[in-house]
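One structure below.
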Amino acid sequence: MKLQCEVEVINRMLPTFGMKNKGKGNRAVLSIGKHYDRGIKNKSTTIHLLICTLKDKSGCKYKVKENIENVFTKFVDEGKATIRLKEPAVDVCLNKADANNLKNFLSALRLAHRDSEIDTIPLSNLAPVKTSEVEKPKAKMIITSRKDYPLTTNFPYSLESLQVSFCKLARVDMRMLCLRKLRKLDLGNNHIRKLPAAIGDLACLNELVLHNNYLEMFSIGLCNSTLQKSLQFLDLSHNRLRALPLQFCQLRELIHLKLDDNELVQLPCRIGQLTKLRFFTAARNKLPYLPSDFQFLNLENVDLFGNLFDHPNPLIPTIHLQIPMTLLEAAARATINYRISYGPHILPAHLCQDLNLMKTCLCRRPCLNSFIQVVVSLNLHQLSHTVVLVDNMGGTEAPILCYFCSLTCYSEFLDKHQQRNR
């Protein structure tokens with residue numbers, strides 16, 4: 001049985017001589033196996049612990065049977081443990097190990113210490129290790145040429161950051177989706193048209209870069225995946241996106257979102273749910289206006305330059321008021337107002353969809369099918385510290401689609417608008 005991790009061997013006798021340990025671990029391979037005593041005629045065997053490092057590939061052996069004083073496993077779920085030996089008086093400190101492998105290794109070590117069930121232990125050959133086994137795991141890889149792309153070998157499973165650019169990839173390589181430690185995936189400047197749902201299984205992924213590809217959609221499956229809890233940076237610029245799904249706003253850990261140079265004709269209507277979003281760019285798209293929820297964002301930087309923004313006129317509303325209010329409207333408003341939980345296990349799917357698409361009045365009350373709709377101007381400085389000019393005329397105002405739940409709310413808005421323009 002073998003275990004790869006960082007190891008520090010601490011001599012407990014050094015302090016008595018006024019000496020200190022180095023206090024630094026080294027990458028090592030630990031093995032549990034049989035050691036043959038060649039000097040004895042019957043060639044008796046004993047179980048030993050072998051620790052091999054890059055500097056000492058042959059390794060250092062320690063007897064295991066009845067030689068373990070204690071095993072400290074308080075932090076074993078974090079890949080840490082300490083094995084205290086009786087002779088010599090050393091502590092073998094393990095760190096950065098796979099938690100499951102570490103637990104199995106320590107279980108085998110305890111059996112060897114008690115000299116029980118030896119036949120059930122998967123023993124290893126106590127042989128020198130290869131350099132590749134004790135080298136520090138590769139955490140970062142950058143590939144910027146098609147000729148450097150690995151075709152016959154796998155990506156190192158230890159990768160935390162992977163960049164593959166200018167390789168003309170038409171799809172995401174499924175081998176990348178096995179890299180469970182991946183925190184950053186940069187596939188910019190390729191020919192990718194569709195994203196596999198398995199990207200959502202990368203539980204540690206917090207940065208996804210996909211600029212300069214041929215993407216036409218961002219799937220709902222990714223919005224419902226573990227990316228909801230991990231993804232903080234998303235670059236979808238220079239693609240062919242026309243819209244993002246409503247479920248996109250479930251990626252609530254997003255801090256930085258780039259949508260420049262697409263073909264977007266609308267933004268998700270629930271974009272205000274991205275409460276952690278601080279940097280937002282959607283320059284050079286085809287947006288006629290911003291959704292109502294956009295005004296609820298709290299940004300540090302926003303760039304909406306070069307969109308096909310309409311000229312707002314708050315005096316020309318689109319009226320969809322229903323008088324008297326329908327039962328469906330009243331029930332929908334009450335569900336949102338009183339924060340009543342709902343889902344497909346309680347309500348029909350089409351009603352759940354209606355509730356997910358509820359509009360928000362400027363008074364913060366919800367409305368479904370009974371509302372007044374109007375496009376007004378929004379000064380982007382109201383929601384962002386830094387604003388890139390919206391047009392070449394130096395403007396910082398953008399049209400925003402607003403809803404009013406009643407004629408009263410719309411009248412109050414008109415009164416305030418007229419007072420500002422006097």
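The values are calculated or read from the model by the stated rules, or taken from the named source; none is laboratory data. Owing to the predicted nature of the structure, the values given are computational and were not obtained by experimental measurement. All Cβ positions, glycine included, derive from the backbone under ideal geometry; neighbour counts span all protein chains shown.
Quick notes on this structure:
- Matching entry among D293, D310 (being buried (at least 18 other Cβ atoms within 10 Å of the Cβ), in contact (Cβ under 8 Å) with a residue 12 or more places away in the chain and not assigned by TED's automatic domain parsing to the domain that holds L251): D293
- Scanning region 266-298 for residues that are more than 24 Å from the chain's Cα centre (by Cα), within 19 Å of V388 (Cβ to Cβ), not in a loop (DSSP other than H, G, I, E, B) and not hydrophobic (A, V, I, L, M, F, W, C) yields a single hit, Q295.
- Test: T386 is more than 27 Å from K286 (Cβ to Cβ) and of a type in the set (S, T, N, Q): no
- Residue check, F248 outside any strand (DSSP E or B) and outside the structural domain of G221 (by TED's automatic domain parsing): no
- Meets criteria (in contact with a Pro (Cβ under 7 Å, 6 or more places away or on another chain), closer than 17 Å to E6 by Cα, surrounded by 15 or more Cβ atoms within 10 Å (Cβ to Cβ) and touching a residue at least 24 places away in the same chain (Cβ under 8 Å)) for G59: yes
- Note on region 324-374: residues that are farther than 15 Å from P291 by Cα and part of a helix (DSSP H, G or I) amount to 18.
- Of the residues making up region 61-96, just one is at pLDDT below 90 and of a type in the set (A, V, I, L, M, F, W, C), namely V64.
- The residue list D173, D148 contains one member that is outside the structural domain of N70 (by TED's automatic domain parsing) and under 22 Å from K194 (Cα atoms), which is D173.
- Subset of region 68-106 that is among the basic types (K, R) and outside any loop (DSSP other than H, G, I, E, B) - its residue that is farthest from the chain's Cα centre (by Cα): R84
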